[in-house]
Amino acid sequence: MQEQKTPNIVWLVSEDNSNHFLKLYEENGASMPNIETLAKKGIVFNNAFSNAPVCSVARSTIISGCYAPRVGAQYHRRMELAPMPDGLKMFPQYLREAGYYTTNNSKEDYNLIKSDQVWDESSDKATYKNRKADQPFFHVQNYGTTHEGQLHFTKAQMDSTTTKTHLDDVAVFPYHPDTPTYRFTNAYYRDLHQKVDTEIGDFINQLEEDGLMENTIIFYYGDHGGVLPRSKGYIYESGLNVPMVVYVPEKWKHLMPMQVGSRSDAFVQFIDLAPTVLNLAHVPIPKQMDGKPFLGRDITLEGLQQRNTAFGYADRFDEKYDMVRSLRQENFKYLRNYQPFNIDALFNFYRYKMLAYREWEDLYKTGKLNSVQRQFFEARSPEALFDLEEDPHEINNLANDPFYKTVLLDLRSKLQHQVKSMPDLSFYPESYFLENGLSNPVKFGQDKKTNISELIDIADLSLSTFSKSNKSIDNALKSSDPWKRYWGLIVCSSFGKDASSFFERAKEMALKDKENLVRTRAVEFLALNDQGVAKDLFLDILQNVTSESEANLILNSIALLKSVKPNFELELPKSIFNPEWINEEGDLIKRRIEFINENQ
């Protein structure tokens, strides 16, 4: 047998779990002895982050090494697949070209076009065992045991199930109601962690039986945060901060700058995983990747200790639209809610299959929540700042506290630079991007970089006072650029009744603007502020839609109004929609229509 020149690399990936549910990170988390054993022979990363709080966007970030809003992969799930950036391949293909056997078992869920050269095997039967003798391998083993769908139990199932974790031993997050449902869901989810740990242990035992442990670097991580309410799909720490442990055998310790059995406070992000694996395998890192390696050649402890920032993004989740960006720097977290009038609780069919979500909403409607628990159902501020050392659950917004103004301005500026420098393609509506930028998202973004920067400046008018922003909003609403008008109206909605001087302008735009989505934002602004909008306006706008994504965004505004304005009633006839959009049970348009029509 030849001496292996590069290590085997294995990823063990659990789904939908933030680090809050592991005893390795939190005192009342689940004990996971197999993961804890790996940690004793490796390194625990205290600050590991998914860049996105949902599967397809997180996995697209991982497989490309790129920020999803830069490459057109930021929507869950894609309406259409985006191509990889010019000259860039999904990273396992580089490993294959370098002689590795690459296998994935089995979830992919990419929003990007995958070539047939990425994996030697990718299925629920994929295994490293089919490689040639002495061939190094890269294997990904995915575990769905902790996936959100495991919490879609009925009340009858809950009442008839006894959890191994005692209900009194779990900590209910302060933004959740402390009810039997929430205690059961917390306890049951910890039980699922213990179950997935057993499954992971079986895989590790197989590696040991095959004599591979001393030649294999093993990563364990969660594919994004989750999965109790206000985690998966949301850009809070519960949605982004994931567990990550890396086991490094004695032979390959020189590739890890930290001491075995220690913990690292270095910030590592999902954009860093692809370049890290390539670096460990001695494969050159493509310049098109946004991430940087955190293990392997030329990585120093001093350099790692200087890594203290993480960038996050959340856009559409199925039928539910939002646009939030975050920047964490050490223990301060900055959130930018670009459409703050959206509520976190806005209905999403898959979310609300969970009893805990439905109970939370019922308690809100019956006035049984405290002020912290109500936040989820209320309009947000355009920006938020949290001190995570004092406020780990992000419930005390410091953005208006003069004591933190320097920190606020610093993080605001850094996030503005981030979204402008990429640039962030979400400043165009999804439907416009799909029609005009999908063929080459990166080139589209570079060609539109100046325009996107101008749109960001308009969006950020909501961070000032209305009196200071008034003139610039006026200019945006008068612009010949429909997306400047679009963002000008979003800013008006952000200011609410403070922007009442633009009500008459908005009424005219709602009737006459040439761009359907500008009309939508005008009606939304007026309806949110009780301006007696004719409901037929929405029907007229919907009859003019040209794509499913355009219709879905308009329906999102209607769903929001149905949720926050009890007197807003609108019956949507299915006949005005393309039949292809509403035929299947899981169609997003179908789900939105049913929600709107059932909540009269």
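The table for this structure:
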{"item": "Alpha carbon convex hull of segment 142-229, projected area averaged over orientations, nm²", "result": "7.2 nm²"}
{"item": "Using θ = phi - 60° and Karplus 6.51 cos²θ - 1.76 cosθ + 1.60, couplings along segment 475-491 (whole Hz; Gly, Pro as x)", "result": "5, 5, 5, 8, 5, 6, 7, x, 7, 6, 5, 4, 6, x, 6, 4, 5"}
{"item": "Given charges at beta-carbon only (K, R positive; D, E negative), |dipole| of segment 460-600 in Debye", "result": "620 debye"}
{"item": "Segment 108-230: relative contact order as a whole-number percent, Cα under 8 Å and 6+ apart", "result": "23 percent"}
{"item": "Added length on full extension, which subtracts the Cα-Cα distance from 0.36 nm per residue, SER547 to HIS254", "result": "100.1 nm"}
{"item": "Which of TYR220, ASN104, GLN446, positive extreme of dipole for the chain (C-beta unit charges)", "result": "GLN446"}
{"item": "Span from the segment 281-354 Cα centroid across to the segment 141-205 one, whole angstrom", "result": "25 Å"}
{"item": "Two-site label geometry, GLN117 and ILE576: point separation in nm, points 7 Å out along Cα→Cβ", "result": "4.9 nm"}
{"item": "Potential lengthening between GLU390 and GLU508 on full extension [0.36 nm per residue; Cα-Cα distance subtracted]", "result": "37.7 nm"}
{"item": "Hull volume in cubic angstrom per residue (convex hull over the Cα atoms of segment 308-384)", "result": "108 Å³"}
{"item": "With DNA, RNA and ligands ignored, accessible area of THR366 (1.4 Å probe; Å², nearest 10)", "result": "80 Å²"}
{"item": "Charge dipole (debye, nearest 20) of the chain; +1 at Cβ of Lys and Arg, -1 at Cβ of Asp and Glu", "result": "1040 debye"}
{"item": "Pairwise centroid distance, computed over Cα atoms, of segment 402-444 with segment 469-516, Å", "result": "21 Å"}
{"item": "Per-residue [θ]222 nm for the chain (sum of -39500 (n - 2.57) over DSSP H runs n ≥ 4, rounded to 500)", "result": "-11000 deg cm²/dmol"}
{"item": "Charge dipole (debye, nearest 20) of segment 264-377; +1 at Cβ of Lys and Arg, -1 at Cβ of Asp and Glu", "result": "220 debye"}
{"item": "Residue-level accessible surface for HIS417, protein heavy atoms, 1.4 Å, Å²", "result": "130 Å²"}
{"item": "FRET efficiency, ASP202 to LYS471 (Cβ-Cβ, R0 56 Å, nearest 0.05)", "result": "0.30"}
{"item": "Tensor-based shape of segment 81-129 (alpha-carbon gyration tensor, a/c under 1.5 rounded, otherwise prolate or oblate)", "result": "oblate"}
{"item": "Stretchable slack from ASN397 to GLN157, in nm (0.36 nm times residue separation minus alpha-carbon distance)", "result": "82.6 nm"}
{"item": "Rounded accessible area per residue of segment 346-402, 1.4 Å, Å²", "result": "49 Å²"}
{"item": "GLU454 - accessible surface, heavy atoms, 1.4 Å probe, Å² rounded to 10", "result": "70 Å²"}
{"item": "Partner lysines for LYS574 [C-alpha distance under 30 Å; skip if fewer than 8 residues away on the same chain]", "result": "LYS320, LYS353, LYS365, LYS507, LYS512, LYS514, LYS535, LYS562, LYS565, LYS590"}
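The values are calculated or read from the model by the stated rules, or taken from the named source; none is laboratory data. Quantities reported herein were computed from a predicted structural model and do not represent experimental measurements. A quick note on method: Cβ atoms are made from the backbone with ideal geometry, for glycine too, and the neighbour counts reach across all protein chains shown. Heavy atoms of the whole protein, side chains included, go into the accessibility calculation; ligands, DNA and RNA do not. Shrake-Rupley method; radii C 1.70, N 1.55, O 1.52, S 1.80 Å.
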